[in-house]
């Protein structure tokens, strides 16, 4: 099972209590996800943000798809992991967590809420400018930048921002499966 910390707006659409019981920590490798719902031209969509890596899923948010949100999340996460070459037991464990469903909680981390709002706005802008494939919008965010106080300094790039796809690889793939970048120094 995966913890999904939702905004009050999404909890209401999911027909969950406004103040859900705090879920127990789960064993999925990426940990909890945060989510909110937004509407673009009367079409709702859900943006899910992983708290540990900044990985994003963008899913349809109408009533029928909300009932199957965990299935939609599983399929999109599997597709994105394959697209970025992230494979192995960690990916399987994360998919198993999605398959088991969600334990709903409320959002608590203001930094993650700010990041979630930025992602929603970015998705909304891309939809407004004609890019309508939700998985493609999620893939763009995986290659973007993510900052959270718990991550610290990115020594590889000498900045405080991290790339979500790199963080996902670090958490889900054994070190032996991650190939180092070729050195440009001779």
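The values are calculated or read from the model by the stated rules, or taken from the named source; none is laboratory data. Not measured: the values here are computed from a predicted model. Virtual Cβ from ideal backbone geometry, glycine too; neighbours counted across all protein chains shown.
Which condition breaks for residue 55 when tested against (1) within 17 Å of residue 111 (Cα to Cα); (2) touching a strand residue (DSSP E or B) at 6+ places or on another chain (Cβ under 7 Å); (3) buried (at least 22 other Cβ atoms within 10 Å of the Cβ)?
Single failed check for residue 55: (2).
Counting just the residues of segment 143-171 that are under 14 Å from the mean Cα position of the chain (by Cα) and under 17 Å from residue 90 (Cα atoms), which one comes out surrounded by the most Cβ atoms within 10 Å (Cβ to Cβ)?
Among residues in segment 143-171 that are under 14 Å from the mean Cα position of the chain (by Cα) and under 17 Å from residue 90 (Cα atoms), the one surrounded by the most Cβ atoms within 10 Å (Cβ to Cβ) is 168.
Conditions tested, residue by residue: (1) over 13 Å from the mean Cα position of the chain (by Cα); (2) farther than 20 Å from residue 124 by Cα.
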position	(1), (2)
4	no, yes
7	yes, no
10	yes, no
14	yes, yes
21	yes, yes
27	yes, yes
31	no, yes
56	no, no
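Only helices (runs of 4 or more DSSP H) wholly contained in segment 1-114 count here; list those with 3 or more residues that are under 30 Å from residue 174 (Cα atoms) and touching a helix residue (DSSP H, G or I) at 6+ places or on another chain (Cβ under 6 Å).
Working: elements: 8-13, 63-67, 69-83, 89-99.
Per the criteria, 69-83, 89-99.
Cβ contacts < 7 Å: first residue modelled with pLDDT under 80, restricted to segment 158-186; second residue in a helix (DSSP H, G or I) and surrounded by 14 or more Cβ atoms within 10 Å (Cβ to Cβ), any location; separation 6+ or different chain. Result?
178/169
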